[in-house]
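Asker: Starting off with a structure, shown below.
Derivation of every value follows stated rules applied to the coordinates shown; laboratory data play no part. Remember, it's a predicted structure, so these values are computed and weren't measured experimentally. Here the Cβ positions follow ideal geometry from the backbone for every residue, glycine too, while neighbour counts run over all protein chains shown.
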Amino acid sequence: MTIYNIALIGFGGVNRALAELIATKNPLWERDLGFRLNIVAVSDLYLGSVISPNGLDAKTLVEANFAQGGFGQLSGGSAEADNETIIKTAPADIIVEATFTNPKDGEPAVSHCRWALQSGKHVVTTNKGPVAIAAQELKALAKANGARFEYEGSVMSGTPVIRMAEKTLAGAEVKGFEGILNGTSNFVLGRMEAGLDFATAVKEAQILGYAEADPTADVEGFDVRLKVVILANELLGASLRPEEVTCTGISRLSPSDIQTAAAANSRWKLIGSAVRNADGTVTGSVSAKQLRLDHPLAGVNGATNAVSLNTELLGSVTITGPGAGRVETAYALLSDIVAIHNAHAATATKEAA
Ligand SMILES: NC(=O)c1ccc[n+]([C@@H]2O[C@H](COP(=O)([O-])OP(=O)(O)OC[C@H]3O[C@@H](n4cnc5c(N)ncnc54)[C@H](O)[C@@H]3O)[C@@H](O)[C@H]2O)c1
Ligand SMILES: N[C@@H](CCO)C(=O)O
């Protein structure tokens, strides 16, 4: 049985949910997946940082109601977040990066991933910034250092769109995609259809753990723009940068726009899409669109996301599932660790043969 030592960078909704899962599910994972997870360090801007080479008790971490700088009270703890020291020196096999997404330059998360990979540590992340802005560099760094860079949760939370498209649709030739790729905005549009005002609906999405730290990214389309870049670069072999994707959000939609659409048997949805053009270039866009109720994406409600992949050999394939949520996104991190574990097992089998 394998034990993976992990360090958590950021201890907000997602990494806290992962710690909660670790507190209860390690015996199940040991039995079914062949490994257990041991938290050896945590660093958070608000709470501080702590290293414990033998492991921290996940239940205590989750249940203690730490105040600002609260990790300073723990043995091996400090009231300051010292990400660089934790990432470079903690005895971790895997760095779990779940700090704020910075849609402009991906920092400081890009540096967090760089430090980890340069130290030969695997990275699993739900942070869209490093994936949309620096994936090529980070993948190369991972390869050069015998580590892995995994990021399933960067698009559609724990719904396995990236891995499924790359592994199980290999050879189907994806030519483009369109989808609902932001849980918050889709949830907000649904609540406005039910009569709520915009600000109250956004507040609800924040309470439910769907929204970004700054929900402007959700409602203005910046979050979807990063996801369009990630999917276009992964599935269409593009090298798009966020600023090359046209982007408008949902904040300009008034209650009367929503009601007018309903009266016309249609619904507003924030759609992210990309297409490979005849000359081989790839164009991406994000915009609010009025879809007729019989459109395949019109019935996708709440924080659920869906993406229709247009493939050469299979036609349209639609993947749907949770697009946001703390536990759902923590599952994405687990699925990345399963991928790392399976890759190790495959290498060991090859070496033994
Ligand atoms: N919540 C979701 O549904 C969801 C889904 C998919 C992806 N994501 C992404 O996962 C990441 C985490 O999401 P979350 O919901 O846990 O966010 P959150 O706002 O609840 O938590 C982020 C945590 O990171 C900490 N932090 C911020 N900057 C830091 C830094 N420089 N160093 C150390 N700690 C830092 C904050 O103090 C906070 O505790 C984000 O990048 C988000 O975009 C979230
Ligand atoms: N804020 C994002 C989280 C998932 O990336 C959303 O609502 O979709």
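Asker: Mean projection of the alpha-carbon convex hull of region 176-280 over all orientations, in nm²? Show your work: numbers first, answer last.
Answerer: Numbers: hull surface 30.0 nm².
Here the figure is 7.5 nm², rounded to one decimal.
Asker: Test of the criteria: in region 95-133, which trypsin sites (Lys or Arg not before Pro) are in a DSSP loop and have at most 13 other Cβ atoms within 10 angstrom of their Cβ? Spell out each step's value before the answer.
Answerer: Values: sites: LYS104, ARG114, LYS121, LYS128; in loops: LYS104, LYS121.
Passing sites in region 95-133 are LYS104.
Asker: Kindly express, to the nearest 10 degrees and within the range 0 to 90, the angle between helix 222-235's C-alpha long axis and the longest C-alpha principal axis of the chain.
Answerer: Approximately 80 degrees, to the nearest 10.
Asker: Moving on to the next point. For the chain, state the semi-axes of the equivalent ellipsoid (square roots of 5 times the eigenvalues of the alpha-carbon gyration tensor), sorted largest first and rounded to whole angstrom. Write out the running numbers ahead of the final one.
Answerer: On the way: eigenvalues 237, 122, 63 Å².
Largest first, the chain gives 34, 25, 18 Å.
Asker: Shifting gears a bit: Relative contact order of region 1-155, please, whole-number percent, based on alpha carbon pairs below 8 angstrom and at least 6 residues apart. Let's see the in-between values first.
Answerer: On the way: 327 pairs, mean separation 33.1, N = 155.
Relative contact order, region 1-155: 21 percent.
Asker: Moving on. Once you have the Kirkwood Rh of region 104-253 from its Cα pairs, apply Stokes-Einstein at 37 °C and 0.692 mPa s and quote D in µm²/s. The partial results should precede the final answer.
Answerer: Working: Rh = 16.5 Å.
Taking Rh from Cα pairs, D becomes 199 µm²/s.
Asker: What does the charge add up to near LEU297, with Lys and Arg as +1, Asp and Glu as -1, over the other residues with Cβ less than 11 Å from its Cβ?
Answerer: Working: positive: ARG267, LYS269, LYS289, ARG292; negative: GLU178, ASP294.
Taking every Cβ under 11 Å from that of LEU297, the sum is +2.
Asker: Non-local amide H neighbours of GLU80 (under 5 Å, H modeled in plane, Pro and chain starts lacking H): which ones?
Answerer: For GLU80, whose amide H was placed from the backbone, the distant partners under 5 Å are SER49.
Asker: Any chance you could check the Cα centroid distance between region 93-153 and region 56-73 for me, in angstrom?
Answerer: 25
Asker: With each run of n ≥ 4 DSSP H residues scored as -39500 (n - 2.57), what mean residue ellipticity at 222 nm is computed for the chain after dividing by its residue count and rounding to the nearest 500 deg cm²/dmol? Intermediate values should be presented prior to the final figure.
Answerer: On the way: 11 runs with 135 residues, N = 353.
Taken over the chain, the calculation gives -12000 deg cm²/dmol.
Asker: By average Cβ neighbour count within 10 Å, what is the ranking of 84-97, 295-308, 193-206 from highest down? Write out the running numbers ahead of the final one.
Answerer: Numbers: 84-97: 21.1, 295-308: 19.5, 193-206: 15.2.
Result, highest mean first: 84-97, 295-308, 193-206.
Asker: What lysines could a cross-link reach from LYS289, if we take a straight Cα to Cα line under 18 Å and drop same-chain neighbours fewer than 8 places away?
Answerer: Within the straight-line cut-off, LYS289 pairs with LYS227, LYS269.
Asker: Further, regarding this structure: Report the local net charge at ILE162: Lys and Arg +1, Asp and Glu -1, summed over other residues whose C-beta lies under 14 Å from its C-beta.
Answerer: Details: positive: LYS128, LYS139, ARG148, ARG163, LYS167, LYS227; negative: GLU150, GLU152, GLU166, GLU234, ASP336.
Combined, the nearby Lys, Arg, Asp and Glu give +1.
Asker: What FRET efficiency would be calculated for the residue pair THR2, ALA64, taking the C-beta separation as r and a Förster radius of 25 Å, to the nearest 0.05?
Answerer: On the way: r = 28 Å, r/R0 = 1.12.
E between THR2 and ALA64, to the nearest 0.05, is 0.35.
Asker: Now for a separate question. Mind checking the full-extension length gain between LYS143 and ASN265? Use 0.36 nm per residue of separation minus the Cα-Cα distance, one decimal, nm. If you can, show how the numbers build up before the last one.
Answerer: Values: separation 122, 0.36 × 122 = 43.92 nm, distance 5.07 nm.
Full extension from LYS143 to ASN265 adds 38.9 nm.
Asker: Starting from 0.36 nm per residue, how many nanometres of slack lie between ASP294 and ARG241 once their C-alpha separation is accounted for?
Answerer: Values: separation 53, 0.36 × 53 = 19.08 nm, distance 3.30 nm.
Full extension from ASP294 to ARG241 adds 15.8 nm.
Asker: Normalising by the residue count of region 178-310, find the relative contact order in percent from Cα pairs under 8 Å and 6+ residues apart. Walk me through the numbers on the way to the answer.
Answerer: Numbers: 233 pairs, mean separation 46.7, N = 133.
This gives 35 percent for region 178-310.
Asker: Which whole-number percent of Cα pairs in region 34-115 have a distance greater than 20 Å? It would help to have the intermediate numbers written out before the result.
Answerer: Details: 1099 of 3321 pairs.
Cα-Cα pairs in region 34-115 separated by more than 20 Å: 33 percent.
Asker: Calculate the spin-label point distance for ASN277 paired with GLU204, positioning each point 7 Å from the Cα along the beta-carbon direction, and give it in nanometres.
Answerer: 4.1
Asker: Would you mind computing, in nm to one decimal, how far apart the modelled labels at ASP32 and SER287 are, each placed 7 Å from Cα along Cα→Cβ?
Answerer: About 4.4 nm, to one decimal.
Asker: Once the other residues with Cβ under 14 Å from the Cβ of ILE271 are scored (Lys, Arg +1; Asp, Glu -1), what is the net sum?
Answerer: On the way: positive: ARG225, LYS227, ARG267, LYS269, LYS289, ARG292; negative: GLU178, ASP223.
Counting the neighbours of ILE271, the net charge comes to +4.
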